[in-house]
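Trainee: The structure that follows is given in the form of structure tokens.
The values are calculated or read from the model by the stated rules, or taken from the named source; none is laboratory data. Given the structure is predicted, the values throughout are model-derived calculations rather than measurements. So basically every Cβ, Gly included, is an ideal-geometry build from the backbone, and we count neighbours across all protein chains shown. All accessible areas refer to the heavy atoms of the entire protein, side chains included, with ligands and DNA or RNA removed. Shrake-Rupley method; radii C 1.70, N 1.55, O 1.52, S 1.80 Å.
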Amino acid sequence: MPTATEFTLKSEGRRLGALNLTSLVWVLISVILIALIVNPLLRLVITSFRDAETGTLTLANYVYAYGRARHLLALMHSVLLGLAVAGLCTLLAVPLAWAVSRTDMLGKGVIRLLVLGAFVTPPYLGAVSWILLAGPNAGWLNRLFRATSGLDVTPFNIYTFWGLAVAISLTSFPYIFIFTNAALDVVSSEMEDAANILGAGRWRTTLRVTLPMVTPAIIGAAMITFLETIAMFGTPALIGMPAGFNVVTTQLFQFFSYPMRVEAAAAYSMPLLFITVALFWLQMKILRRKGFVALTGKGGGRRLIALGRWRWPVFGYAMFILSLAVVLPYLALAQAAFAKAWGRGFQWDNLTLANFQYLIFENHTAAQSVLNSFIFGATSAFLALGLGLIVAYIVIRRLLPHAQVLGFLCMAPFVIPGIVLAIGFYAAYAPPPLSLYGTSAILVLAFTTRFLPIAYASSNAALRSLNPEMEDAVRILGGSHFTALRRVTGPLLKQGLIGAWLLVFIPATRELSTAIFLSGPNTRVMSVMLFDLSEEGLLEKLAALGFLLLAATLVVVAIGYKVVGKDIMLTRRAGL
Amino acid sequence: MRTQIRYNSQRKGTPMFTMFRVAAFRLAMILGLTAVLPSASFGAMSELEQAARKEGQVTWYISQYGAEVASNIARAFEKQYPGIKVNVVRATAQVTYQRLIQDIRANVAQCDVFGITDVGAYVDLRGQNRLAKYSAESAAMIAPEFRAAIEKNGYWYPTSALTIAIAYNTNKIKPADAPKKWADLVDPKWRGTVALPHPGYSGVAGVWGLMVSKLYGREYIEKLEKNRPLVGRSILDTVTMLNSGERSVAVSLVGPALESASKGNPIAVVYPEEGSVIVDAPTAILQNAPHPNAARLFMEFLLGIEHAKLVVSLPRYESVRAEVKPLPGGKPLHDLKLLRASDEEVTQGIPKLIERWRDLFGN
């Protein structure tokens with residue numbers, strides 16, 4: 001029979017042992033997070049003050065980066081573009097979300113499906129399809145206009161500021177749609193009933209009562225759209241460069257061209273970082289202050305507004321927007337992918353499979369890039385999810401003091417634009433001693449860091465839904481935390497985790513801004529390959545590669561739908 | 001018991017029998033291999049080949065050809081020398097040069113053979129001792145017009161030549177109305193119809209920019225900008241812009257324009273009265289090439305007849321071998337007035353031209 005002292009010592013020993021193990025984990029996780037997040041940012045700042053030749057501290061990089069009119073103009077262009085896109089997206093998405101959520105409009109299923117299609121399309125593919133549709137002389141819309149109106153005027157020019165803004169908006173509006181839709185879904189009809197009783201008509205109620213209740217969601221989503229736009233590289237490069245329209249990301253690309261000036265690029269990326277951090281802080285403040293009681297749902301039902309004779313016009317409007325966003329672009333891409341020369345149009349002798357043959361069999365880099373995208377995407381999804389899950393577990397179960405710091409670090413990459421993160425990674429890990437330049441490691445690590453917030457937030461939400469009783473039962477019966485995680489929590493979370501994995505995998509396979517600087521000749525990914533093909537204007541082969549990318553993405557999304565259910569794209573769970 | 005029986009029935013026979021089988025297999029392999037391997041040329045070449053085959057691959061940073069043509073040339077080399085794989089890394093000239101610089105800065109040796117159209121890069125690289133000196137055997141057989149382009153110290157060799165002229169869309173412009181000289185491109189008549197390459201990406205575009213600036217002064221590019229041209233990246237993009245009908249006049253490489261026309265696209269070429277710009281495409285081996293012997297073998301291939309034939313038939317460039325004649329359709333070089341830039345002009349002029357262009361055109 002163990003004495004009291006022996007028992008105490010033993011249990012203390014086990015407690016100490018547990019503490020040692022968890023301390024080790026804490027240290028390990030901290031080191032990893034510091035290496036992935038803090039170090040690149042630190043190196044970015046240091047590099048911006050470093051002289052290229054001598055390595056001494058200097059302000060010369062900032063002078064060079066902001067001393068030229070062209071560079072400053074690019075900054076202004078980025079902000080203007082962001083504002084224009086945020087405004088356009090709001091105009092496009094909010095009425096649509098309201099119609100789908102609050103009225104009895106027709107074809108809601110089709111609309112949602114098409115919005116998902118728009119969400120899944122990489123923005124640069126949308127850009128290519130809009131070059132095919134609205135090129136000032138050869139674009140299909142212009143040709144159609146010329147043919148039907150008889151006038152020799154081409155009204156649509158994609159190579160302009162508004163052309164660029166529209167092209168970006170048509171692929172970015174789903175974000176605002178999803179958030180507004182989710183927010184409107186939980187607004188009960190009581191308020192609307194009260195307004196109606198007091199004499200307000202349908203439209204007045206909507207504008208003065210319903211929509212203001214979801215304003216925080218709209219503003220939050222609009223801010224994120226703004227931030228996404230100013231950090232975007234693909235579309236401004238494909239459309240803005242021929243248009244002579246320079247933005248911050250394309251200017252950063254120029255700094256990476258010969259003669260290469262990583263230091264100037266680091267200095268030039270600071271405003272992007274500051275704007276992003278500031279806007280996120282602002283968004284948090286706005287979303288926290290307004291109290292919207294309706295959202296805590298006291299059980300008021302949601303009744304759909306009857307549209308009456310407006311049903312068909314509303315449906316028509318919705319289909320018009322979605323044709324512009326999804327149907328027309330996909331058609332244009334399909335036509336080009338199977339064409340010898342897309343300009344020759346829909347003729348039988350223009351049909352060919354040669355583009356696909358070239359990509360899969362003749363151009364080794366292209367074929368390899370398809371594989372690379374999926375391999376790197378899957379690897380970074382596993383890494384991000386693994387890390388996010390462990391940190392979320394530590395934070396929620398409060399295994400360590402100051403665990404929130406780890407959680408904060410995990411969410412930090414959200415505020416770093418992808419292209420800035422890539423420059424930070426390049427500055428930190430490309431040169432010796434680690435020399436990860438041109439390797440797949442640097443690309444995978446950058447992707448992992450970029451999508452860690454999504455993985456963490458999803459894991460957090462999933463873990464929160466679990467009652468700790470079951471794990472406590474495991475501990476009482478003598479199992480460690482790890483056993484609890486592996487045998488009980490893990491299987492219960494499977495569906496949520498698969499959803500989180502997909503939420504990282506899908507964007508990772510088509511990420512361009514982060515990959516453009518880190519993808520070397522041997523580690524080409526599909527998104528960068530598409531950009532390479534646009535160099536020679538090989539739009540047919542570009543469309544074919546885009547087709548392959550879209551087809552693969554849709555397959556993965558379809559699998560995701562079946563496994564996880566309709567909730568896959570809704571970030572309600574993730575609490576973002 | 002059962003295990004023992006199974007083991008017995010699976011025994012492969014006596015050791016003697018095994019040795020005989022192994023020897024026969026080896027003999028068959030050797031015989032098979034000799035049948036498959038091409039008969040090697042004698043002398044230094046076969047030594048080079050053997051050394052190259054031991055290395056097994058060569059990495060080629062190339063901007064002078066489009067991706068498709070570069071793949072075809074790579075495959076022709078692989079067919080002629082089986083067992084040596086060619087890794088094609090294709091981008092426009094300045095992007096390719098930037099890649100090499102990044103490799104150098106990161107102390108990574110990836111590139112074996114380097115081929116872009118901006119000779120200024122070669123001058124800079126030689127100055128930094130990055131290029132390997134190599135006396136190519138086939139260099140003696142280069143046509144006389146290109147002998148002058150052979151850098152006397154043997155650091156780089158011309159492997160083809162590219163000619164730049166004006167191309168136009170025959171569906172939109174009648175031959176009589178087409179522009180006849182470089183000066184025509186700044187005529188307001190052609191406003192919004194011209195397609196140009198970008199000197200910040202395309203090496204030949206840089207040389208073209210230098211030549212027209214030399215002819216007409218700095219204002220030429222400014223007047224060109226006022227005509228609202230559509231600026232792509234590679235000079236090969238201008239042909240696709242004509243193909244699609246997006247633009248009707250372009251500054252293009254003669255070869256790819258004629259190639260496109262032969263495929264049924266509505267394109268014709270005009271050789272400007274002031275002269276067509278000709279750019280020799282140099283190729284060099286890197287000093288720290290990871291596969292030096294394969295690199296040398298590839299260089300010999302690029303200077304040889306097989307490559308010359310490919311060059312005149314696929315992108316329809318000029319070959320450096322007199323034995324290989326250009327395809328009918330274009331004008332032969334000696335019938336043309338040619339504008340050539342000197343190495344100094346290119347080295348000094350292109351970086352400044354790129355900055356001016358970016359300031360003028362916006363990016």
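Trainee: To the nearest 500 deg cm²/dmol, what mean residue ellipticity at 222 nm is calculated for chain B from DSSP H runs of n ≥ 4 alone, each contributing -39,500 (n - 2.57), summed and divided by the residues?
Mentor: -13500 deg cm²/dmol
Trainee: Follow-up. Say each of B:GLU273 and A:VAL79 gets a label point 7 Å from the Cα, pointing the same way as Cα to Cβ; how far apart are those two points in nm?
Mentor: 5.1
Trainee: If you average 1/r over every pair of different alpha-carbon atoms in region B:205-339 and take one over that average, what Kirkwood value in Å do you get?
Mentor: Answer for region B:205-339: a Kirkwood hydrodynamic radius of 17.1 Å.
Trainee: Determine the shielding of peptide B:242-250 by partner chains: average, over its residues, the number of Cβ atoms on other chains within 10 angstrom of each Cβ.
Mentor: Taking all residues of B:242-250 together, the mean is 6.
Trainee: A:ALA339's amide H: which non-local residues (gap 5+, or another chain) put their own amide H closer than 5 Å, with H modeled 1.01 Å from N in plane and none for Pro or chain starts?
Mentor: Correct list: A:THR352.
Trainee: What FRET efficiency do you get for B:ARG75 and B:ARG105 if R0 is 30 Å and r is their Cβ-Cβ distance, rounded to the nearest 0.05? Can you show the working numbers first?
Mentor: Working: r = 32 Å, r/R0 = 1.07.
That gives a FRET efficiency of 0.40.
Trainee: Further question on the same structure: Given a Förster distance of 25 angstrom, what is the FRET efficiency for A:ARG475 paired with A:ILE498, based on the Cβ-Cβ distance and rounded to 0.05? Numbers along the way, then the final one.
Mentor: Values: r = 26 Å, r/R0 = 1.05.
Between A:ARG475 and A:ILE498 the formula returns 0.40.
Trainee: DSSP beta bridges in the protein assembly as shown, what fraction antiparallel, as a percent rounded to 5?
Mentor: In the protein assembly as shown, DSSP labels about 60 percent of beta bridges as antiparallel.
Trainee: Here's another thing I want to ask about it. Modelling each spin label as a point 7 Å along the Cα-to-Cβ direction, I'd like the B:ARG218/A:TRP203 distance in nm, to one decimal.
Mentor: Placing both labels 7 Å along Cα→Cβ, they lie 5.9 nm apart.
Trainee: Using the charge dipole of the protein assembly as shown (Lys, Arg: +1 at Cβ; Asp, Glu: -1 at Cβ; taken about the Cα centre), state which of B:PHE361, A:ILE416, B:ILE62 has its Cα farthest towards the positive end.
Mentor: Of the candidates, A:ILE416 comes out farthest on the positive side.
Trainee: Leaving out ligands, DNA and RNA, what percent of the accessible area of region A:113-198 is carbon and sulfur, probe 1.4 Å?
Mentor: On the way: 2150 of 3090 Å².
Within region A:113-198, the accessible surface is 70 percent carbon and sulfur.
Trainee: P(r) for region A:508-556: what percent of alpha-carbon pairs falls in each 10 Å bin, starting at zero?
Mentor: Here the calculated profile for region A:508-556 is 27, 52, 21, 0.
Trainee: Here's another thing I want to ask about it. Which peptide among A:494-506, A:398-410 comes first, and what is the full order, when sorted by highest mean count of other Cβ atoms within 10 Å?
Mentor: A:494-506, A:398-410
Trainee: What are the residues of region A:336-363 that lose 10 Å² or more of accessible area, with a 1.4 Å probe, going from their chain alone to all protein chains?
Mentor: Relative to the lone chain, where solvent access is computed with a 1.4 Å probe, region A:336-363 loses at least 10 Å² at A:ALA341, A:TRP342, A:GLY343, A:ARG344, A:TYR358, A:GLU362, A:ASN363.
Trainee: OK, next. Using only atoms on other chains, find how many Cβ atoms lie within 10 Å of each Cβ of peptide B:260-267 and report the average.
Mentor: Taking all residues of B:260-267 together, the mean is 2.
Trainee: In square angstrom and rounded to 100, what buried accessible area do you get between chains B and A, total over both, with the probe at 1.4 Å?
Mentor: 3900
Trainee: Do any residues of region B:320-363 lose at least 40 Å² of accessible area when the full set of protein chains is present rather than just their chain alone, and if so which, with a 1.4 Å probe?
Mentor: Buried-area filter returns B:GLU355, B:ARG358, B:ASP359, B:GLY362, B:ASN363.
Trainee: Follow-up question, since we're still on this one. For A:ILE321, what is the net charge nearby, where nearby means another residue's Cβ is under 15 Å from its Cβ and Lys, Arg count +1, Asp, Glu -1?
Mentor: +2
Trainee: Give the aspartates and glutamates reachable from B:LYS309 as a straight Cα distance under 13 Å; neighbours fewer than 8 places away on the same chain don't count.
Mentor: B:GLU318, B:GLU323
Trainee: Taking a threshold of 27 Å on the Cα-Cα distance, which of the pairs A:LYS541/B:LYS54; B:LYS174/B:LYS263; A:LYS108/A:LYS494; B:LYS331/B:LYS352; B:LYS180/B:LYS331 fall above it?
Mentor: A:LYS541/B:LYS54; A:LYS108/A:LYS494; B:LYS331/B:LYS352
Trainee: Would you mind checking region B:308-322 for residues with the amide N under 18 Å from a putative spin-label position 7 Å along Cα→C-beta of A:THR352?
Mentor: Within reach of a label on A:THR352, which here means backbone N under 18 Å from a point 7 Å along Cα→Cβ, region B:308-322 contributes B:313-316.
Trainee: Another question, then. What order, most packed first, do the peptides A:474-486, B:162-174 have when packing is the mean number of other Cβ atoms within 10 Å of each residue?
Mentor: Taking the mean over residues of other Cβ atoms within 10 Å, the ranking is B:162-174, A:474-486.
Trainee: While we're here: List, by residue number, every residue in region A:215-254 with a reduction of 40 Å² or greater in accessible area between the chain on its own and the complete protein assembly, 1.4 Å probe.
Mentor: A:MET241, A:PRO242, A:GLY244, A:GLN254
Trainee: I would also like to ask the following. Testing the spin-label approximation: label points 7 Å from Cα along Cα→Cβ at A:GLN368 and B:ALA322. State their distance in nm.
Mentor: 4.1
Trainee: I'd like the carbon and sulfur percentage of the solvent accessible area for chain B, probe radius 1.4 Å, heavy atoms only, ligands and nucleic acids excluded.
Mentor: 56
Trainee: Rg and Dmax of chain B, Cα atoms, in Å?
Mentor: 25.3, 98
Trainee: May I pose another question? Compute from the Cα atoms of the protein assembly as shown the Rg and the Dmax, the latter being the longest Cα-Cα distance, and quote both in angstrom.
Mentor: Considering the protein assembly as shown through its Cα atoms, Rg and Dmax are 31.6, 112 Å.
Trainee: Provide the percentage of antiparallel DSSP beta bridges, counting only those with both residues in chain B; round to the nearest 5.
Mentor: Restricted to chain B, the bridges split so that about 55 percent are antiparallel.
Trainee: B:THR159's amide H: which non-local residues (gap 5+, or another chain) put their own amide H closer than 5 Å, with H modeled 1.01 Å from N in plane and none for Pro or chain starts?
Mentor: HN-HN under 5 Å from B:THR159: B:ALA281, B:THR283.
Trainee: Another question about this same structure. For peptide A:537-546, how many partner chain Cβ atoms fall within 10 Å of a residue's Cβ, on average? Each step should come with its number before you reach the end.
Mentor: Details: counts 15, 7, 6, 3, 2, 0, 0, 0, 0, 0.
Mean shielding by partner chains, rounded to a whole number: 3.
Trainee: Based on alpha-carbon atoms only, what is the radius of gyration of region B:66-179 relative to the globular estimate 2.2 N^0.38 Å?
Mentor: Normalised Rg, Cα atoms only: 1.35.
Trainee: If each Cα of region A:139-238 is one equal point scatterer, what is log10 of I(q)/I(0) from the Debye formula at q = 0.16, 0.17 Å⁻¹?
Mentor: -0.82, -0.85
Trainee: Amide H of B:GLN287: which non-local residues (sequence gap of 5 or more, or other chain) have their own amide H closer than 5 Å, using H built in the peptide plane?
Mentor: The list, which skips near neighbours in sequence, is B:LEU131, B:ALA132.
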